[in-house]
Amino acid sequence: MADERVDILSLDRAGLEGALRALEQPAFRVSQILRWLYQRGASSFQAMTDLPKGLRDELERRFSLELPEIVARQESADGTRKYLVRFANGVAVETVGLPAGERLTVCFSTQAGCAMGCAFCATGQGGLVRGLGPGEMAMQVLLVAADFGRRVTNAVAMGQGEPFAQYRATMGALRLLNDPDALGIGARHVTVSTCGLLPGIRELASEPEQFTLAVSLHSAVQATRDRLMPGVRTYPLAALRSTLIDYFETSGRRPTLEYALIGGVNDTDAESAALIAFSRGLPFHVNLIPVNPVPGTGSARPDTRRVEEFREALADAGIETSVRIERGADIDAACGQLKQRHDLEE
Ligand code: SAH
Ligand code: SF4
């Protein structure tokens, strides 16, 4: 007989609350279960020893609980670790842990693969396999905390997948990361990065938490952006710009614009002028990322001097700009390098 139980990792806190209400359980049981799952990594309901035996049995009848596993792990010369994390049903994603002094940042995946097809991105080359549930996203962070043996201070949805392709699941995950009963990471230290799905940006603006928004721009010239990011052709730059202004006005939070510099494509003077026109006078922070060349995509890094000139042009125009220092490139763990490793799946 097919297993008709609900995967507990497909639920967020609100989903779990609903399920326990239906079982006529008091609200504090939700906190207990979340702590077992997302703080202690309990691998069965029977292990949740402060729940009454009858409830543990009932949970076992209704929900399946299979923790994801790290099936491969690589460590970079700079301390960055990349993991292949496999879920119970066989699908696997990549997760990255980036230690820096007191900080430990986890870059987690929101989908196995991605449907957006960005030209320069390794994940985009293979299409979408499936989206992850809120618990599947949050569990990646717990696995990295356990592997490093310390608390995760920052989390970014910048691994594989487009977070706003499944807004509800992603919000559920961001809330689990922030929840004191789960990972307990401060909301400002939880960042979600989107290729520019405007409905998601609009919804995020009115959420009460102070989550940080990053938007992948990569070009302020429509024709260039259409070529680089075919999945967001339906959301033109002018609409993106006004949505970001509304986002700032509604939420009071400043979005970051991510811009992967690709030699001869979006690093020209015309592109820099367009980016200045797009951002001038607006409270955006621009993050320049010299592209990580992905084999087969034909994108190359501009030389260091060009990156510096590009940065200076923006700074001279009064735009707050930084250049991201890439980490983990020697183990293919840097931005845009993550891809499914089918050879490691069973
Ligand atoms: N899908 C989301 C989040 C995951 S990608 C998004 O696109 O925003 C995280 C970041 O890495 C994005 O800014 C993405 O554009 C960038 N990226 C993708 N491929 C890259 C590459 N080869 N070099 C540098 N950055 C890349
Ligand atoms: Fe998907 Fe982001 Fe890669 Fe584009 S850059 S293909 S949206 S993961």
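The values are calculated or read from the model by the stated rules, or taken from the named source; none is laboratory data. Note that the coordinates shown come from a computational prediction; the quantities given were computed from them, not determined experimentally. Cβ placement follows ideal geometry from the backbone for every residue including glycine, while neighbour counts extend to all protein chains displayed. In case anyone asks, the SASA skips ligands and DNA or RNA and just uses the protein heavy atoms, side chains included. Shrake-Rupley method; radii C 1.70, N 1.55, O 1.52, S 1.80 Å.
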Once fully extended, how much extra length lies between ARG233 and PHE28, figured as 0.36 nm per residue of separation less the alpha-carbon to alpha-carbon distance? 69.2 nm
Kindly report the accessible area of region 95-201 per residue (heavy atoms of protein chains, probe 1.4 Å, no ligands, DNA or RNA), in Å². 30
Of every Cα-Cα pair in region 189-228, the percent that sits beyond 12 Å: 63
Where does the chain land at 222 nm, in deg cm²/dmol rounded to the nearest 500, when only DSSP H runs of n ≥ 4 count, each adding -39500 (n - 2.57), divided by all residues? -10000 deg cm²/dmol
Just add up the charged neighbours of GLU75: K/R +1, D/E -1, any other residue whose Cβ is under 15 Å from the Cβ of GLU75. -1
With +1 on each Lys and Arg Cβ and -1 on each Asp and Glu Cβ, and nothing else charged, work out how big the dipole of the chain is about its Cα centre, in Debye to the nearest 20. 320
Over the chain, with every protein chain in place, what whole percent of the accessible area is carbon and sulfur at 1.4 Å, could you tell me? 51
I'd like to know which of CYS121, GLY252, ALA239 lies farthest towards the positive end of the charge dipole of the chain, counting +1 on Cβ of Lys and Arg and -1 on Cβ of Asp and Glu. GLY252
Write down the accessible area per residue of region 210-346 in Å², having rolled a 1.4 Å probe over the full set of protein chains. 46
For the chain, take the longest principal axis of its alpha carbons; what is the angle in degrees between that and the long axis of helix 269-279, to the nearest 10 within 0 to 90? 50
Find out how many positive minus negative residues lie around THR297, taking Lys and Arg as positive, Asp and Glu as negative, among other residues whose Cβ is under 13 Å from that of THR297. +3
Which angle between 0 and 90 degrees, to the nearest 10, do you get for helix 304-316 versus the longest principal axis of the chain when only C-alpha atoms count? 90
For a quick protection proxy, order the peptides 21-29, 297-305 by their average other-Cβ count within 10 Å, most packed first. 297-305, 21-29
Relative contact order for region 209-346 using alpha-carbon pairs under 8 Å, separation at least 6, rounded to a whole percent? 23
For region 151-241, count the residues as N, evaluate 2.2 N^0.38 Å, and divide the Cα radius of gyration by that value, please. 1.16
Normalised Cα Rg of the chain, dividing by 2.2 N^0.38 Å with N its residue count, works out at 1.02
